[in-house]
Amino acid sequence: MQNNATFITKDFAVGETLFEQGDAGDFIYIIVTGSVDVSKDLDGKKEIVARLSSGDILGEMAVLTDEPRCASGVAVEPTRVIMVRDRTLRLALLNNDLPILKPLTSQLTLRFKEAEQQATYYRRKFNKMRKEADMLKKRLLQYESTEEH
């Protein structure tokens, strides 16, 4: 693998790791063929959050936010990817001159929509649980006051 190449094509075998949660985001990955499971370590337990395949982009959040990777990516079948170096992406964003920008923008928009849908779902679930807890608390208080009299 050349260190100064703008784009790198790389093949990953089944079970091979593209990147680990907590790693620095040096590249984004465009899946040419194959598929990758994206997983997060949540409370010491590995949870698969997505399976991505040909045409999908992954690893972009760590590159764009300059934060450590929030998930791991592992090939679940023989997989070929195009790796785009972080500085190449940053220059392309500044100059608006890289063919990947449109699909990347679409991917980010989709991820933000999914995140908003999840946030709405959990907000509703939380509000429902809070109402149920309030009702139970009222019932309990009624029961306690009846017993005292």
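The values are calculated or read from the model by the stated rules, or taken from the named source; none is laboratory data. Please read these numbers as outputs of a predicted model, since none were measured by experiment. In this analysis, Cβ positions are derived from the backbone assuming ideal geometry, glycine residues included, and neighbour counts consider all displayed protein chains.
Table for the structure above
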item	result
Criterion: surrounded by fewer than 18 Cβ atoms within 10 Å (Cβ to Cβ) and farther than 17 Å from ARG111 by Cβ - qualifying residue of ALA24, ALA75	ALA24
Qualifying residue in segment 53-67 (condition: of a type outside the set (Asp, Glu), in a loop (DSSP other than H, G, I, E, B) and either touching a His at 6+ places or on another chain (Cβ under 9 Å) or touching a residue at least 24 places away in the same chain (Cβ under 8 Å) (or both))	yes
Qualifying positions in segment 2-21 - more than 14 Å from VAL84 (Cα to Cα), more than 13 Å from the chain's Cα centre (by Cα) and assigned to a loop (DSSP other than H, G, I, E, B)	ALA13, VAL14, GLY15, GLU16
Exclusive hit being in contact with a Lys or Arg (Cβ under 6 Å, 6 or more places away or on another chain) and either surrounded by fewer than 13 Cβ atoms within 10 Å (Cβ to Cβ) or within 20 Å of ALA115 (Cα to Cα) (or both), set ALA13, ALA62, ALA50	ALA62
Looking only at segment 62-91, and only at residues there that are more than 11 Å from ASP26 (Cα to Cα) and among the hydrophobic types (A, V, I, L, M, F, W, C), the one that is modelled with the lowest pLDDT	LEU91
